[in-house]
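Below you'll find the structure, written out as structure tokens, and then a few comments.
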Amino acid sequence: QVQLVESGGGLVQPGGSLRLSCAASGTGIVFKFSVMGWYRQAPGKQRELVALITSLRSTNYTDSVKGRFTVSRDNAKSTVDLQMNSLAPEDTAVYYCYAKYFREYWGQGTQVTVSS
């Protein structure tokens, strides 16, 4: 069983920063060989990719977050982080940690609200 546990969400003003973290645990996944990343889902919208990072640390970002968000991983700690800068109200969403190792795994989600 694989568990992905997110932390770091909250309320932030426009222009502010937040750092999300996700810790992976359990059998059935070899973290260092997994694709990790983050998705988000805003109210009334479909879940969308935010950022992915491969086992070779190649990254992919959705266009709207390029230059503002940075995804990173620590294989020794089995964690993946998302540093979010210059946050805007349209970044408001539930952010989900994602892992793929033969199959896909999802965290429970953490709320990020950008509002003044």
* **Cα centroid separation, the range 1-66 to the range 72-106 (Å)** => 1 Å
* Ranking by accessible area, most exposed first, for 91, 74, 63 with a 1.4 Å probe -> 63, 74, 91
* Taking springs between alpha-carbon atoms closer than 10 angstrom, which of 27, 79, 59 fluctuates most in the Gaussian network model of the chain? -> 27
* Just the Kirkwood number for the range 62-116, please: inverse of mean 1/r across all distinct Cα pairs, in Å, one decimal. => 12.9 Å
* For the chain: accessible area per residue (Å², 1.4 Å) -> 54 Å²
* Net lengthening on full extension, residue 77/residue 33 (0.36 nm per residue, minus Cα-Cα) -> 14.5 nm
* Structure fact -> What one gets for the chain as the Kirkwood radius, inverse of mean 1/r over different Cα pairs in Å, is 14.1 Å
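The values are calculated or read from the model by the stated rules, or taken from the named source; none is laboratory data. As the structure is a prediction and not an experimental result, all values here were calculated from the model. Protein only, heavy atoms only, side chains kept; ligands, DNA and RNA dropped before computing areas. Shrake-Rupley method; radii C 1.70, N 1.55, O 1.52, S 1.80 Å.
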